[in-house]
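Only one structure is covered here, and it is reproduced in the block below.
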Amino acid sequence: MVQYDANDVMCSYWKLHRNDDTSFDRFRDAVFSYADEPGSQIDAIWWDIGGSPLGSSYPSKVQPPVVHPLLQQWLREGVDWVEELVSNTRRRKLEVFWNHRISEVECLPEGGLSKQPAPLKIEHPDWVVPASWWPQGMWNLAATGLREHKVAIL
């Protein structure tokens, strides 16, 4: 089983290929290259895609889209990359899981970590609990409003 943080891979891919062919097909071929190698013993991929405080990396009615140039390009082209990654995993006869991080930390659209809290944490400070290792705090799942928000996302 491989756990794959697709958002980080997409950001890295963009940095390497922004002046190149950035089609989803090329990205797909690159992202599956390790699983497609002869003799691969991978039988499942756990796509770590959901839960980003940046917004949604797939078409959503609850969250705004992640503001990343490559993801925006694919969305304009009608590519739902979550659906594509899931269906391409299944096409390879691999078991597929989609992970929604329930308490993600603040990442930047271009990759890396933000020093600022997510706008939702500023808007709803009661949805946050302090964390010694993360200055912006983590989501307080005891907060009713946050639980409702997380369920709506799912």
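Figures for the structure shown
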read-out: Matching residues, segment 95-130, being of a type in the set (Gly, Ala, Ser) and either surrounded by 14 or more Cβ atoms within 10 Å (Cβ to Cβ) or at pLDDT 90 or above (or both); value: Ser103, Gly111, Ser114, Ala118
read-out: Cβ-Cβ under 8 Å pairs, at least 6 apart or on other chains, segment 133-153 side over 23 Å from Ser114 (Cβ atoms), far side surrounded by fewer than 17 Cβ atoms within 10 Å (Cβ to Cβ); value: Arg147/Leu141; Ala152/Val62
read-out: Among the residues listed as Leu75, Leu16, Leu70, Leu85, the single one being more than 29 Å from Pro130 (Cα to Cα), touching a helix residue (DSSP H, G or I) at 6+ places or on another chain (Cβ under 7 Å) and at pLDDT below 90; value: Leu70
read-out: Filter result (of a type in the set (S, T, N, Q) and farther than 30 Å from Lys15 by Cα) within segment 95-154; value: Ser132, Asn140, Thr144
read-out: Any chance Asn99 is among the polar types (S, T, N, Q), closer than 22 Å to Asn7 by Cα, assigned to a helix (DSSP H, G or I) and under 21 Å from the mean Cα position of the chain (by Cα); value: no
read-out: Residue match in segment 139-150 (condition: within 27 Å of Arg28 (Cβ to Cβ) and either among the β-branched types (Val, Ile, Thr) or surrounded by 14 or more Cβ atoms within 10 Å (Cβ to Cβ) (or both)); value: no
read-out: Failed item in (1) small (Gly, Ala, Ser); (2) surrounded by 13 or more Cβ atoms within 10 Å (Cβ to Cβ); (3) within 21 Å of Tyr13 (Cβ to Cβ), with Ser87 passing the rest; value: (2)
read-out: Positions within segment 61-81 being in a loop (DSSP other than H, G, I, E, B) and surrounded by 14 or more Cβ atoms within 10 Å (Cβ to Cβ), in sequence order; value: Gln63, Val66, His68, Val79, Asp80
read-out: Qualifying residue in segment 4-20 (condition: surrounded by fewer than 16 Cβ atoms within 10 Å (Cβ to Cβ) and touching a Gly at 6+ places or on another chain (Cβ under 6 Å)); value: no
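The values are calculated or read from the model by the stated rules, or taken from the named source; none is laboratory data. A quick note: this is a predicted structure, and the numbers were derived from the prediction, not measured. Cβ sites come from the backbone with ideal geometry, for glycine too, and all protein chains shown count toward neighbours.
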